[in-house]
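The values are calculated or read from the model by the stated rules, or taken from the named source; none is laboratory data. Small disclaimer: the values here were computed from a predicted structure and weren't measured. Note that we place each Cβ from the backbone using ideal geometry, even for glycine, and neighbour counts take in every protein chain shown.
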Amino acid sequence: MSLSIFRVFLSSTFGDFQAEREKLRAEVWPRLEALCAAHNAFFHVVDLRWGISPSVATTHDTIKICLDEVIRCQQLSPKPKPNFLMLIGDRYGWRPPAVQIPDVDFERIQKWASTDDAKFLNYWYRRDDNAVPPIWCLKPRTDENVGHDAWGNVESQLTRILHTAHEQLKLAPEQYYYSATHMEIVSGLLNLDGAREHIFSFNRELSGLPETSHEGIARRFSDYLTDGSQDPEAIRLRQVLKTEIAKVLPENHIHTFQATWTGADNNPITTDHLDDYCSAIEQSLNNTIISELEELTKTTPLQEEEELEIQEIFLDDTGKHLIGRDEELNKIQVYLANEKPPLPLIIKAKGGAGKSALMAKANMLQEKKPIYRFIGASPRSWLPQTLLEDLIKQIATAYEQEPPSLPEEGGIRKTAELFHEQLELATAEQPLTIFIDAIDQFNNTTPVQYSDIFPKQLPDNVRMIISVLEGKDSDQLEKLYPKAPIIQLEKLSPTVCGKILDELLKEQNRKLTKIQRQTILDKAKESGLPLWLVLTAPIAKKLSSWDTAPDDLPGDIKELAIEHRGQGYTFDKAL
């Protein structure tokens, strides 16, 4: 079983749950980490209240980082997955002003607002024309207002205007009205289309909270207005949130514990609930993780079907993004039109040149569906042995034959011999086309020679296209097939690079100014590889229309990824 990742986002207000968070961090998370490690899995809790730097607050990136992490946890964790956990108390929490406002909303708010409020918004927001459609972005704090008190006054005025605009103009509450925690829960739970059985809410209800608090510690545990009275709107919204959670979560996934207000400096609330509270969290996550690990280790009759489904998803996702390479696609079509090509067609290139995208697109262009494998895209494609076993069965099925018994002895060579025999099923009426992408990605724990896998010559009516990384792997393949036709992928032209960059940004509803675009494309000439552009796109999409594009981007793919990985850019999927 490959490494499974259980990445859980912890959502709650912060100051009122420090005791619970600390106990979880010190006792519960290590035990769950050990549980997962014992099953070749990885457990990690994303608790951003511990990990967001003060500098992030000055650029107003806090909410974006939190919501991006919610999505990241959803993408990385398996299904069904524990990836979202809520701690709900008596405090609704921080309600920030909108960091981004769509142009259409901003125009409505400007027309509705008073002259002074409109001027205030115009001062604090600026339009980003790189967004499609344009958005208005909250300016970073400056030296004059970076202090807590000074910024607090600005923030209060902004939230007053936007909260009232939400009420009067019926604007989206999750953008203009909700607390940060409520926004996280909308993304992590309420807006989910699929199953929610992996999500839990752990509530803590306090009794004895003071009705008024001006500067006391009670303001960490409940919401109070500047005059010291409890905030009735925050209380209402907290109840709305709890009601929304109860509507979508199973009753046994909502756990409620009681504590009492003491007001003491060291322990402002009683701690009798802590052991049971944290034990319930541990048990809920433990059960879900064990259930998931059991599912992942099962071998079911659906395994082969799931393997093909994963491969198909990869093909569709990869092939649709190909831009350019028309000459190479034509060469592939010429090869496939040859009725009796004696040898495979080899496609070789440096890493990041777009071999997989080319293979996927060429596959999609065929009228008769070829058999294909993208090595590494699915669990059984990593190993030559399981790859050949699956191809043997799939070829037999394609020719309406009973799949032959797989050899119990002889290893990869015996399995390869059976694979070669299956190729003989091809006929003039029903030729066989096979695409095998990225054979350099085979798991190298038990290295094999390509001569142990592929036939020295193709049978009649069989066409095979193999892609491989330029270097020792392509040398080995060319040694097996010294007379095979070869397509060498070269650098992309500046025009094609521009089209790829534009398309990557378009998918994110972004674009660049002419100067920004040219600056990045000037650097793209050094590499000329699609992957360089894929890695640069997350950097480019963060450029607002008033920013200067970086002119020092490394031309080397690895250098680019290393240099920018620690600056808030995510390249994992591309790499």
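Quick check: anything in the stretch 399-411 surrounded by 21 or more Cβ atoms within 10 Å (Cβ to Cβ) and not assigned by TED's automatic domain parsing to the domain that holds GLU559? No, there is no match, as no residue in the stretch 399-411 is surrounded by 21 or more Cβ atoms within 10 Å (Cβ to Cβ) and not assigned by TED's automatic domain parsing to the domain that holds GLU559. Checking GLU421, GLU367, GLU402 one by one, the residue that is assigned to a loop (DSSP other than H, G, I, E, B) and more than 20 Å from GLU312 (Cα to Cα) is GLU402 and no other. Looking across the stretch 148-173, just one residue is modelled with pLDDT under 95, closer than 26 Å to LEU87 by Cβ and crowded, with 16+ Cβ neighbours inside 10 Å, and that is GLU155. When the stretch 216-236 is filtered for residues that are at negative phi and part of a loop (DSSP other than H, G, I, E, B), the ones remaining, listed by number, are GLY216, PHE221, SER222, ASP223, LEU225, THR226, ASP227, ASP231. Can you run down the residue pairs with Cβ atoms below 6 Å, 6 or more apart or on separate chains, where the first is in the stretch 537-554 and loosely packed, with under 13 Cβ neighbours inside 10 Å and the partner is part of a helix (DSSP H, G or I)? Listed pairs, sorted by first residue: ASP551/THR519. Of all the listed residues (PHE419, PHE442), the sole one being aromatic (Phe, Trp, Tyr) and without any contact (Cβ under 8 Å) to a residue 40 or more places away in the chain is PHE419.
Going by what's in this entry, would ILE217 be described as of a type in the set (A, V, I, L, M, F, W, C), assigned by TED's automatic domain parsing to the domain that holds LEU87, at pLDDT below 95 and out of contact with any helix residue (DSSP H, G or I) (no Cβ under 6 Å at 6 or more places or on another chain)? When the stated conditions are applied, ILE217 passes them.
Residue-by-condition table, conditions (1) more than 17 Å from GLU233 (Cα to Cα); (2) β-branched (Val, Ile, Thr):
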| site | (1), (2) |
| --- | --- |
| ASN122 | yes, no |
| ARG127 | yes, no |
| LEU138 | yes, no |
| GLU144 | yes, no |
| GLY147 | yes, no |
| ASN153 | yes, no |
| SER156 | no, no |
| THR164 | no, yes |
| LEU169 | yes, no |
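Just so you know, in the stretch 318-343 the residues that are over 27 Å from GLY376 (Cα atoms) and assigned to a loop (DSSP other than H, G, I, E, B) include one that is modelled with the lowest pLDDT, and it is GLU339. Residues in the stretch 480-517 that are more than 25 Å from LYS320 (Cα to Cα), assigned to a helix (DSSP H, G or I) and not assigned by TED's automatic domain parsing to the domain that holds ASP326: LYS514, ILE515, GLN516. Does ILE199 fit the bill of being buried (at least 19 other Cβ atoms within 10 Å of the Cβ) and either touching a helix residue (DSSP H, G or I) at 6+ places or on another chain (Cβ under 6 Å) or not assigned by TED's automatic domain parsing to the domain that holds LEU85 (or both)? It is true that ILE199 is buried (at least 19 other Cβ atoms within 10 Å of the Cβ) and either touching a helix residue (DSSP H, G or I) at 6+ places or on another chain (Cβ under 6 Å) or not assigned by TED's automatic domain parsing to the domain that holds LEU85 (or both).
Consider the stretch 507-535 and keep the residues that are out of contact with any Phe, Trp or Tyr (no Cβ under 9 Å at 6 or more places or on another chain) and within 21 Å of SER356 (Cβ to Cβ). The one that is modelled with the lowest pLDDT is SER527.
Of the residues in the stretch 391-408, none is out of contact with any helix residue (DSSP H, G or I) (no Cβ under 6 Å at 6 or more places or on another chain) and closer than 24 Å to VAL534 by Cα.
Considering only residues of the stretch 463-486 that are surrounded by fewer than 21 Cβ atoms within 10 Å (Cβ to Cβ) and under 25 Å from ALA428 (Cα atoms), which is nearest to the chain's Cα centre (by Cα)?
ILE486
Here ASP272, ASP265 are screened, and the one residue that is exposed (fewer than 12 other Cβ atoms within 10 Å of the Cβ), assigned to a loop (DSSP other than H, G, I, E, B) and in contact (Cβ under 8 Å) with a residue 12 or more places away in the chain is ASP265. Would you say LYS348 is closer than 21 Å to VAL534 by Cα, part of a strand (DSSP E or B) and either without any contact (Cβ under 8 Å) to a residue 12 or more places away in the chain or not hydrophobic (A, V, I, L, M, F, W, C) (or both)? It is true that LYS348 is closer than 21 Å to VAL534 by Cα, part of a strand (DSSP E or B) and either without any contact (Cβ under 8 Å) to a residue 12 or more places away in the chain or not hydrophobic (A, V, I, L, M, F, W, C) (or both).
Only residues that are within 12 Å of LEU391 (Cα to Cα) and touching a residue at least 40 places away in the same chain (Cβ under 8 Å) were counted in the stretch 422-431, giving 0. Within the stretch 53-92, restricting attention to residues that are out of contact with any strand residue (DSSP E or B) (no Cβ under 6 Å at 6 or more places or on another chain) and at pLDDT 95 or above, which residue is nearest to HIS273 (Cα to Cα)? Per the criteria, the residue is ARG91.
Within the stretch 427-434, does at least one residue satisfy the condition of being part of a helix (DSSP H, G or I), farther than 15 Å from PRO344 by Cα and assigned by TED's automatic domain parsing to the domain that holds SER356? No, because not a single residue in the stretch 427-434 is part of a helix (DSSP H, G or I), farther than 15 Å from PRO344 by Cα and assigned by TED's automatic domain parsing to the domain that holds SER356. PHE257 meets the conditions (1) part of a helix (DSSP H, G or I); (2) in contact (Cβ under 8 Å) with a residue 40 or more places away in the chain; (3) surrounded by fewer than 17 Cβ atoms within 10 Å (Cβ to Cβ) in every case but one. The failed one is (1).
One residue is enough: does the stretch 390-397 have a residue meeting the conditions surrounded by fewer than 16 Cβ atoms within 10 Å (Cβ to Cβ), hydrophobic (A, V, I, L, M, F, W, C) and over 28 Å from LEU492 (Cα atoms)? Yes, that holds for at least one residue. Here the stretch 501-531 is the region considered, the condition is being free of Cβ contacts under 8 Å to residues at least 40 places away in the same chain and of a type in the set (Val, Ile, Thr), and the residue that is surrounded by the fewest Cβ atoms within 10 Å (Cβ to Cβ) is ILE515.
Residues in the stretch 160-215 that are among the β-branched types (Val, Ile, Thr), part of a helix (DSSP H, G or I) and over 18 Å from VAL240 (Cβ atoms): ILE161, THR164.
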